1. Tell me, what is the 1.4 Å probe accessible area of Asp106, in Å² to the nearest 10?
2. Excluding residues fewer than 8 places away in the same chain, name every one of the aspartates and glutamates whose C-alpha is closer than 19 Å to that of Lys103.
3. Using θ = phi - 60° and the Karplus form 6.51 cos²θ - 1.76 cosθ + 1.60, what ³J(HN,Hα) does each residue of the stretch 32-47 get, whole Hz, x for Gly and Pro?
4. Classify the stretch 8-52: rounded, prolate or oblate, from the alpha-carbon gyration tensor (a ≥ b ≥ c, eigenvalue square roots; a/c under 1.5 rounded; otherwise prolate if a/b is larger than b/c)?
5. Would you mind classifying the stretch 78-132 by shape? Square roots of the alpha carbon gyration tensor eigenvalues, ordered a ≥ b ≥ c; an a/c under 1.5 is rounded, otherwise it is prolate if a/b is larger than b/c and oblate if not.
6. Just the accessible area for Cys124, please: 1.4 Å probe, Å², rounded to the nearest 10?
7. Pulled fully out, how much extra length does the chain show between Arg49 and Gln94, if you take 0.36 nm times their separation in residues and subtract their Cα-Cα distance?
8. Residue separation times 0.36 nm, minus the C-alpha to C-alpha distance between Ser101 and Asp33: what's the value?
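The values are calculated or read from the model by the stated rules, or taken from the named source; none is laboratory data. Bear in mind the structure is a predicted one, so any value in this text is a computation, not a measurement. All accessible areas refer to the heavy atoms of the entire protein, side chains included, with ligands and DNA or RNA removed. Shrake-Rupley method; radii C 1.70, N 1.55, O 1.52, S 1.80 Å.
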Amino acid sequence: IVKDELDDGAIMQLKQVSEVVAMSCLDHFAETDLSTVRSKSAYLVGIIRRLNTSNPHTGVHPAANAVANHGSVDTASLDSTMAALPASVQGRLQQIFASGSVKPDDLEPRVVLELMEFGENGACTILDRYGSKNLW
């Protein structure tokens, strides 16, 4: 694989996991026949997500562990879910709500928690990109 075959998002995801998980992901990636893989970045991110959620000692945010361990958190309110998120992610969500493009009632708590599968920086990047889109 050449450097330009992996996008910044895949590299960022790799940086968000523990060293043990990152090495395991890269080992798995290196052992795979990539000749039929269209998007090597997406394939690597898939490996990272699978290995990261299957390992309880990865440094994943507790909010993401709640989703991974219970499948969903339907009983949680959005307010209590938001309170479990890092301040940077809460801020990004509040900016989106303030813009009027999404109302808090439009989001299920489990969706917000699933953002944390991407780590704090990944969740912020996703929300920044979402917030910059004109959805109307």
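1. Approximately 90 Å² for this residue.
2. Asp74, Asp79, Glu114, Asp128
3. Karplus-based 3J(HN,Hα) across the stretch 32-47 equals 8, 7, 8, 5, 9, 7, 6, 10, 5, 5, 5, 5, 5, 4, x, 4 Hz.
4. oblate
5. Taking the square roots of the gyration eigenvalues as a ≥ b ≥ c, the stretch 78-132 is oblate.
6. Counting only protein heavy atoms, Cys124 exposes about 10 Å² to solvent.
7. This chain segment gains 13.6 nm when fully extended.
8. Separation in residues times 0.36 nm, less the Cα-Cα distance, equals 20.3 nm.
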